[in-house]
Amino acid sequence: MSAGLAICATIWSGKSNVSFMNPSQPTPTVVPMGEDVLDRMVLAVELVKQRLQRATAALESAGIKYAVIGGNAVAAWVAQVDPAAARNTVDVDLLVERSDFEKVKFALASTGFVHRHAAGIDMFLDGPKGKPREAVHVVFAGEKVRKEYVAPAPGIDEVGRPQAFNVLSFDALVRMKLTSFRKKDQVHLQDMIEVGLLDYPYLDRLQPELAARLKELLDHPES
């Protein structure tokens, strides 16, 4: 086992206090294809896991309601059916109430996250040198993410079966993905279809515009 993989294996086993969150670390450099690339792949997944755990633990410690949304929520639901079908994601998306946002900022700052507001998006960088694409992104419950969306984000109480963290309920997550319907949302929905979480009978549970989008994916699973 190479050194990088050995470090990650040690972290997963809970036998190390090694942290890869030091903002003073230099920006990674390009490496040749080989074992180092595999190490980076493994480490990237572990870093997302760590950010998710740190952020949700901070919110829970502060008594703040939240739900994990986005790619991590999709992966959690898909993994209950087929862990091999769960897709990795690079960031962490959380649903919170706007009235709690000052408490959210304080809680996340206590574990090293730095608040930024850019292009209408509230995010928490992992330290002063953190990258936006690897940040914790926040969506406000009951509000439209974009004004042109047909539906607002779900309420904060729409939480599904408990994991090690609070995950958005399946129905609410499907509505969010169909409402946004970007390419990555379509891919997430196709992951749910592939493992049997979504099929034609589910169309009856959706408003017409969202049902039409899901039907498009069901009719053309390879597109």
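Laboratory data are not the source of any read-out in this text; all were calculated from the coordinates shown. Every value quoted in this text rests on a predicted model; they were computed, and no experiment measured them. All Cβ positions, glycine included, derive from the backbone under ideal geometry; neighbour counts span all protein chains shown.
Miscellaneous remarks
- By DSSP, the beta bridges lying fully in the stretch 81-223 are antiparallel in about 65 percent of cases.
- Charge context of Lys49, other residues only, Cβ under 13 angstrom, K/R +1, D/E -1: -2
- Phi-derived couplings, Karplus 6.51 cos²θ - 1.76 cosθ + 1.60 at θ = phi - 60°, listed residue by residue for the stretch 102-112: 5, 5, 4, 4, 5, 5, 6, 4, 5, 10, x Hz, with x used for Gly and Pro.
- Pairwise label distance in nanometres, Tyr200 with Glu46, each label 7 Å out on the Cα-Cβ vector: 4.7
- The stretch 129-188: C-alpha gyration tensor shape, a/c 1.5 cut-off, then a/b vs b/c: rounded
- Sorting 206-213, 187-194 by average packing, meaning the other beta carbons within 10 Å per residue, from highest down gives 187-194, 206-213.
- Of the peptides 62-72, 174-184, the ranking by mean beta-carbon count within 10 Å, highest at the top, reads 62-72, 174-184.
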